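No value in this document is a laboratory result; all are computed from the given coordinates. Keep in mind that what you see is a predicted model, and the values were worked out from it rather than measured. Please note: Cβ atoms are built from the backbone with ideal geometry, for glycine as well, and neighbour counts cover all protein chains shown.
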């Protein structure tokens with residue numbers, strides 16, 4: 001599509017009825033797996049399997065052709081081999097279907113004949129006014145109508161993050177990992193070859209989607225750079241956009257061409273465009289999710305000065321390095337903050353920033369120290385490490401130990417679980433009260449702990465480096481908004 | 001100690017008997033927790049609690065003073081407040097104790113009075129021939145005698161990795177995380193303030209320890225750089241040393257001074273020294289563990305040419321970027337390799353490197369494609385992603401789905417679990433047969449999967465970037481050994 005032309009993509013993400021063309025009774029075929037995923041996720045609309053044999057599929061009446069379906073169809077999902085796709089799209093046009101997801105591969109990514117087929121598919125779809133997702137896509141997901149039209153059996157959490165991915169595997173994995181961490185999604189599209197609808201157009205749609213507050217994308221290349229910049233500039237004023245751009249090296253770009261057919265273009269051009277638009281860059285799927293959690297839960301920092309609270313001095317050193325290396329500052333604390341911390345900490349504490357809880361066993365001082373630090377006038381944001389440790393961390397060892405008096409279990413519950421929750425709730429409260437971001441570091445990769453924290457409105461990370469990165473990227477966005485505000 | 005003087009540290013790591021000075025019946029005191037950890041881990045020697053009240057502690061007869069213990073004591077663990085430590089060390093000397101671990105803090109890290117106490121402690125210990133660990137340490141662990149003289153109730157796996165940490169928290173967390181991933185440890189020391197024994201001397205001891213094959217360290221600074229270089233140069237010829245150096249920034253170095261009292265020195269000096277000695281640098285605890293797993297399980301790569309096999313084209317792009325960005329190469333494949341892969345893959349596969357399994361559902365082709373790639377004459381090492389996916393990845397969704405015929409569970413078991421194990425065993429076999437490293441990428445952070453892989457002799461990583469990093473660091477070590485060999 002040319003720049004500026006925006007279509008309504010709601011038939012893709014909010015269809016009232018779906019036909020699956022190529023539905024099957026063979027559970028190893030996508031024609032069975034995809035409708036099965038749609039059923040499992042509890043899709044609210046109607047499903048019409050289409051199969052020449054016309055047999056019952058997954059308990060649903062099926063139809064020998066799309067044209068035999070007795071009612072209106074908003075969305076067709078096509079899982080038939082590439083050469084038959086143009087014909088099925090002709091049927092979609094005839095039936096008045098509004099959108100088609102072409103799951104099948106075998107198009108532009110495979111060479112000349114595939115490219116010809118792809119051009120034909122687009123021609124038919126555009127002429128007939130059918131929105132075309134893919135081809136070579138893993139499908140879409142939408143919280144609005146509980147639609148999981150995906151190849152892998154992923155059932156994501158519902159929430160406020162929209163995700164566009166030019167890789168189906170990376171996208172659906174991001175859905176699964178994000179959901180494990182507690183992050184909920186509004187919409188997802190595996191954009192595939194982007195023969196008709198490209199990243200730029202999905203971006204535009206998600207910008208206007210009221211369920212979406214944060215937009216993530218994995219891209220290998222963009223078709224229409226001018227339009228991307230126009231859309232992104234407009235969107236970032238309201239919603240953060242975070243993009244993981246792969247194909248950074250020339251070898252990676254070559255691999256991208258044979259994967260999604262994307263022309264990656266120069267890395268420097270992308271960096272400049274992102275910067276100009278206030279788009280944040282991520283370098284891994286985890287970083288995409290780290291930033292999504294932060295933008296969902298935290299206020300933007302007002303400056304670069306970080307207060308660091310750790311349980312264990314080594315972590316203070318590591319956190320300080322991590323902050324300074326990304327350009328944040330770790331200032332000395334005001335006298336009144338030190339005086340307050342003196343009340344809670346043993347006399348030999350360092351009186352510096354980072355604040356080390358110096359092996360203090362009494363976890364009731366943790367929320368107090370945290371508040372003293374958050375309140376400090378020269379602190380813009382706080383990294384708190386060791387305040388959420390997880391019942392499992394020591395719990396397993398404690399409960400497995402030879403203690404006869406069940407002390408292990410009591411310690412695990414009271415000293416670990418209860419104190420962790422108290423700290424989570426304190427963090428959420430302090431974030432609200434002081435309007436400063438607090439990021440928690442759990443030092444574990446246990447998704448369960450991160451999820452519990454997220455549910456209690458705490459953004460928790462497995463590493464100090466990850467926490468520092470989140471703060472500096474949020475600051476980058478805050479500074480962008482400030483300059484934008486001054487401009488307009 | 002002066003350069004070159006090496007003491008026998010076995011009384012610390014292989015004591016026949018231990019006295020705990022400051023043992024307690026109060027389960028919130030270290031005097032209870034530490035002997036309790038020693039008991040839980042099944043220490044093979046004798047334990048003598050020392051407590052003025054002389055009551056029974058943890059079912060063990062206790063003694064009012066160390067001097068009342070009727071038999072020889074190899075190792076004393078002191079948990080009494082700093083000011084009384086010199087007196088307890090005097091008793092150690094009198095009793096003929098060979099080594100003392102001073103858990104207590106309140107020494108050099110807290111100021112002048114602490115520094116005086118620390119100097120006094122060292123003077124007494126050295127004059128009396130008592131090896132002194134710490135002070136301000138979280139203790140030691142040793143597989144040889146099943147000794148867990150640690151503050152946190154961590155029970156690590158036994159294995160071949162020695163770990164020295166100037167941060168007790170970081171060290172004991174590394175033990176816990178490593179064990180979760182399947183990595184076993186030979187010995188661990190939280191070296192604390194290193195008043196007597198410093199990192200260099202532990203390094204020297206672990207170099208000679210027959211149980212140890214890989215040495216890891218977290219350091220904030222080194223006391224005796226000359227000795228470190230002398231020892232490290234000697235050790236790296238036989239065993240890889242991987243060091244995570246914190247206090248890289250001047251702010252981080254300042255935090256290090258108030259933590260362990262370490263003088264961090266210039267970053268550039270450390271980098272140069274490490275390079276000269278063939279010591280590998282890590283930047284996080286996870287990277288330390290990533291490299292430990294690789295060196296335990298894999299042969300060294302002979303060159304920089306990587307073959308990439310992924311299930312999903314996006315991962316191929318990401319893996320290629322990751323390799324090229326760290327300096328590895330992703331060469332095109334020989335004609336005969338492509339011809340062989342043609343037999344297993346659909347006609348539209350890219351015929352390039354990375355090799356994408358292009359959504360093929362038939363997992364029995366995975367080991368075949370892997371072997372074709374490993375065997376290729378211009379490939380030195382292989383990154384294989386998506387060959388170990390985990391029963392949990394889709395399993396949870398599958399088994400939760402509404403399918404009535406238990407198909408979900410069958411798929412999870414046959415298609416996921418059995419195929420994963422077959423792939424793991426194939427990898428281990430191919431590594432052996434072709435003498436080339438294969439690193440597996442699981443794309444999850446589930447430690448259970450990584451552990452199962454490790455137990456089947458496969459080094460598995462959660463990210464493609466992590467896998468590329470492991471290969472380039474192994475190559476760095478291989479090149480170092482080659483140059484060394486040429487030199488001597």
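For segment A:127-226, relative contact order (Cα pairs under 8 Å, six or more residues apart, normalised by length) works out to 35 percent.
How high is the FRET efficiency between residue A:71 and residue A:119 when r is their beta carbon distance and R₀ equals 35 Å, given to the nearest 0.05?
0.65
Taking the Cα atoms of segment B:140-218, the ratio Rg/Rh between the radius of gyration and the Kirkwood radius comes to 0.92. Label-to-label distance, residue A:60 versus residue B:332, with points set 7 angstrom from Cα along the beta-carbon direction: 4.6 nm. Multiplying the residue separation of residue A:250 and residue A:158 by 0.36 nm and removing their Cα-Cα distance gives an extension gain of 29.4 nm.
Here the contact order of segment B:10-294, divided by its residue count and restricted to Cα pairs under 8 Å and six or more residues apart, works out to 14 percent. In this simple spin-label model, placing a label point 7 Å from the Cα along the Cα-to-Cβ direction at both residue A:146 and residue B:233 gives a separation of 7.1 nm.
Using the Cβ-Cβ distance between residue A:272 and residue A:361 with R0 set to 56 Å, the FRET efficiency works out to roughly 0.60. Show log10 I(q)/I(0) for segment B:304-359 at q = 0.17, 0.24, 0.27 Å⁻¹, two decimals, from a solvent-free Debye sum over equal Cα scatterers. The Cα Debye sum returns log10 ratios of -0.51, -0.93, -1.09. For segment A:421-488, the alpha-carbon radius of gyration amounts to 1.29 times the rule-of-thumb value 2.2 N^0.38 Å expected for a compact globular protein. Modelled spin-label separation between residue A:223 and residue B:476, with each label point placed 7 Å from Cα along the Cα-to-Cβ direction: 4.3 nm. Indicate the gyration tensor shape class of segment A:160-264 (rounded, prolate or oblate), computed on the Cα atoms with a ≥ b ≥ c the square roots of the eigenvalues: a/c under 1.5 is rounded; otherwise a/b larger than b/c is prolate and the rest oblate. Oblate shape, in that a/c is at least 1.5 and b/c is the bigger or equal ratio.
Taking the alpha-carbon centroid of each part, what is the distance from segment B:106-148 to segment A:265-339 in angstrom? Cα centroid to Cα centroid, the span is 37 Å. For segment A:171-207, backbone nitrogen atoms closer than 15 Å to the point 7 Å from residue A:44 Cα along Cα-to-C-beta are found at A:186-187. Could you work out the equivalent-ellipsoid semi-axes for the protein assembly as shown, taking the square root of 5 times each eigenvalue of the Cα gyration tensor, largest first, in whole Å? Ellipsoid semi-axes (Å, largest first): 54, 30, 26.
Determine the shielding of peptide B:172-181 by partner chains: average, over its residues, the number of Cβ atoms on other chains within 10 angstrom of each Cβ.
Mean shielding by partner chains, rounded to a whole number: 3.
By Cβ position, the chain B residue that hugs the axis carrying B onto A most closely, with its distance in whole Å, is B:445, 2. Segment B:171-204 and segment B:430-488 have their alpha-carbon centroids 22 Å apart.
Given R0 = 35 Å, the distance between the Cβ atoms of residue A:351 and residue B:16 translates into a calculated FRET efficiency of 0.20. Highest mean packing first, where packing is the average number of other Cβ atoms within 10 Å per residue, the peptides A:32-39, B:135-142, A:212-219, B:59-66 line up as B:135-142, A:212-219, A:32-39, B:59-66. Geometric descriptor of segment B:200-261, per residue, is 81 Å³ (volume of the convex hull of the Cα atoms). Taking 20 Å as the cut-off, the amide N atoms of segment A:431-453 that come nearer than this to a point 7 Å along the Cα-to-beta-carbon line of residue A:368 belong to A:431. Across segment B:80-165, counting alpha-carbon atoms alone, Rg and Dmax equal 14.1, 41 Å. Treating each Cα of segment B:10-294 as one equal point scatterer and applying the Debye formula with no solvent, the log10 of I(q)/I(0) at q = 0.07, 0.14, 0.15 Å⁻¹ comes out as -0.24, -0.96, -1.10. Here the Debye sum runs over all C-alpha atoms of segment A:228-362 as equal scatterers in vacuum, and log10 of I(q)/I(0) at q = 0.17 Å⁻¹ comes out as -1.02.
Computed over segment A:16-146, relative contact order equals 22 percent, with contacts defined as Cα pairs under 8 Å that lie 6+ residues apart. Counting Cα-Cα pairs of chain A in 10 Å increments starting at 0 gives whole-percent bin shares of 4, 19, 25, 21, 15, 10, 5, 1, 0. The share of alpha-carbon pairs in segment B:299-483 lying farther apart than 24 Å comes to 36%.
For chain A, the longest principal axis of the C-alpha atoms and the axis of helix A:112-128 are separated by about 80°.
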